[in-house]
Structures are given as C-alpha cells and as structure tokens.
Amino acid sequence: MEKATWLDADEQRVWRGFLRANAAIYDGLERDLRSRCGISLVEYGILVHLSEADGRRLRMRALADSVIVSKSRLSHQVARLERDGYVRREHCDDDRRGLWAVLTDEGAALLGRAAPGHAARVRQLLFDRLDRTQVEQLGAIVTALGGAAP
C-alpha cells in the first residue's frame, strides 16, 4: 500500500478554500442563469461553444471535450436544448455513427439574451473581488494547473 503524503496545514487551508470558492462561483452562476434564462451553466457553455464554432456546429465528441462533461451528460443536456429548439442534432455524412450539434437561430438569440447578464455575474463573483495583480496571478495559477483556455 502506498504511504500517504498528507497536506500540511497551509495546503489544507488553501485546498478547502479553493473548493469553497469554486462551489460558490459555480452555484452563483448556475442560479443566475436558471432564474434569468431557464438554462444551466453547462447548457450555457454548450451554446457558447457552438456559437464560436465554424458553422455554429461541432461534433458531439468535440463538444463534450470542450464543455468538460461526460458524453452521457452532454447527450442529456443537448436533448433538452434540442427539445426547446436551441440546438439540433444532425448525422455526419462522413461517419454514420457521428452526430453534429448545431446551434439554431433560437439558440443564438437565447445566448444573446443570456450573455450580458452572465458576464456581469462572472465579474461580480470573481473579477470585482480581485485587483489587477491578483487577476494576473490567478491567470498564471490557472495556466500552471492546466486550465488555460485553448
């Protein structure tokens, strides 16, 4: 059995603080999007990634990787967005098993309504609480942890 290397008191404090901060920001963004627009944070992320993709469409596998969810959760979220008319799925001509997720005009309109308030809430929950130096430090930390955006 592998011998555990326990976190020291400072590491434990930072780790727990990181978890609390992450949960508070996620929950705040989730509540805001659900109350204002009726969508989850994951669904918002799906709409954003599709809006940024060439032709407003992505393969389901690429979409799952970009929004960092399992294929099964993505399928459930896309089905909900499809039911509401924000996304449609299309078969890939070059791969019969593959599917495209495509942002509809209704989905783009929803994203247009959701994005300004979402950006304001991100600012309130994160950036307004940090000075410019702390934002730069956080950027360096996120990059070091492998979480930098592609």
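The values are calculated or read from the model by the stated rules, or taken from the named source; none is laboratory data. In this text, all values refer to a predicted model and were calculated from it rather than measured experimentally. Every residue, glycine as well, gets a Cβ built from its backbone with ideal geometry; the counts of neighbours run over all protein chains shown.
Looking at (1) surrounded by 12 or more Cβ atoms within 10 Å (Cβ to Cβ); (2) farther than 28 Å from A23 by Cβ; (3) at pLDDT 95 or above, which one does R83 not meet, given that it meets all the others?
(1)
Which of the residues that make up the stretch 18-65 are within 27 Å of L130 (Cα to Cα) and in a loop (DSSP other than H, G, I, E, B)?
The answer is S40, and nothing else.
Mind checking which residues of the stretch 93-150 are among the small types (G, A, S) and closer than 30 Å to V14 by Cβ?
Scanning the stretch 93-150 gives A119, A120, G139, A140, A144, G146, G147, A148, A149.
Applying the selection to the stretch 41-52, what residues are buried (at least 17 other Cβ atoms within 10 Å of the Cβ), touching a residue at least 40 places away in the same chain (Cβ under 8 Å) and either among the small types (G, A, S) or touching a Phe, Trp or Tyr at 6+ places or on another chain (Cβ under 7 Å) (or both)?
L47
Being in contact (Cβ under 8 Å) with a residue 60 or more places away in the chain and either assigned to a helix (DSSP H, G or I) or on the phi > 0 side of the Ramachandran plot (or both) is the filter here, so list the residues in the stretch 125-150 that pass it.
L125
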